[in-house]
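Quick note: the coordinates plus some simple rules give every number you see, no bench work behind them. Given the structure is predicted, the values throughout are model-derived calculations rather than measurements. Ideal geometry is used to build each Cβ from the backbone, glycine not excepted, and the neighbour counts take in all protein chains shown.
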Ligand code: C5P
């Protein structure tokens with residue numbers, strides 16, 4: 001597989017074309033950003049840790065029947081993925097209240113959410129990723145009603161699989177964000193699943209083991225990601 005021109009560079013990952021039309025290379029960089037790019041830093045090892053973390057989770061999800069764009073690891077910071085047409089929406093499931101839900105609704109952080117909530121956000125930096133709903137997504141053509149329904153179904157399926165996976169490692173899956181794309185007409189999980197896009201709390205202490213450590217200046221960001229990985233059995237060396 002030959003790496004060709006850079007197609008797109010986001011805040012933490014870059015995407016490259018390959019010599020095969022249907023595949024792209026995803027590069028996980030050490031760059032870290034929060035608050036719409038207002039807070040940025042370079043964190044040693046983060047690209048490698050997130051690349052391997054994502055590979056592990058995507059493989060578990062595929063085994064459980066969730067279609068994903070992940071093909072294989074190709075280096076410490078690169079993975080081969082299917083080329084998809086991304087849906088410009090973010091799907092968020094929450095099992096425990098935290099983050100923007102607490103700010104928006106005034107609920108206490110840590111409150112259990114039963115049943116878990118499902119929210120949609122439009123991917124639009126200039127508008128700060130506003131919350132939308134199925135009706136708006138359909139009317140503005142960001143996805144069809146069927147595609148959103150499938151994305152929602154898959155997002156909850158991911159919850160069933162990962163809540164148990166993390167629980168077995170003594171970790172609470174508080175919330176997470178997923179992105180989907182279309183590959184040959186099918187809704188497929190894309191982007192990444194890493195501690196950059198979810199909240200993970202230690203079950204016993206409720207210590208934060210995710211990107212909130214960066215957002216809140218708690219330090220030990222990559223160390224926390226690696227701790228989660230180690231508990232899941234991921235080999236980072
Ligand atoms: O900020 P908020 O509480 O809405 O985030 C919910 C979950 O989605 C968190 O795990 C957060 O890390 C993730 N998220 C993300 N990218 C965004 C917005 C939220 O990964 N643009």
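So what is the relative contact order for the chain, in percent, with contacts set as C-alpha pairs under 8 Å and at least six apart? Worked out over the chain, it gives 17 percent.
How do 37-46, 124-133, 10-19 rank on mean C-beta neighbours within 10 Å, highest first? Numbers along the way, then the final one.
On the way: 37-46: 13.2, 124-133: 11.5, 10-19: 16.4.
Highest to lowest by the protection proxy: 10-19, 37-46, 124-133.
In the chain, inverting the average of 1/r over every pair of distinct C-alpha atoms gives 18.2 Å as the Kirkwood radius.
Our estimate of slack between residue 62 and residue 236, defined as 0.36 nm per intervening residue step minus the Cα-Cα distance, is 60.6 nm. Helices in the chain, meaning DSSP H runs of at least 4 residues, each add -39500 (n - 2.57). Divided by all residues, the mean residue ellipticity at 222 nm is -9000 deg cm²/dmol. Exposure proxy shown here: for 74, 57, the number of other Cβ atoms within 10 Å sets the order, fewest to most, as 74, 57. Taking every Cα-Cα distance in region 3-82 and sorting them into 10 Å bins from zero, the calculated P(r) comes out as 19, 45, 31, 5 percent.
The overall shape of region 86-220, judged from the alpha-carbon gyration tensor, is prolate: a/c is not under 1.5, and a/b is greater than b/c. Under a Gaussian network description of the chain, with springs only between Cα atoms under 10 Å, the residue in 121, 140, 214 that fluctuates furthest is 140.
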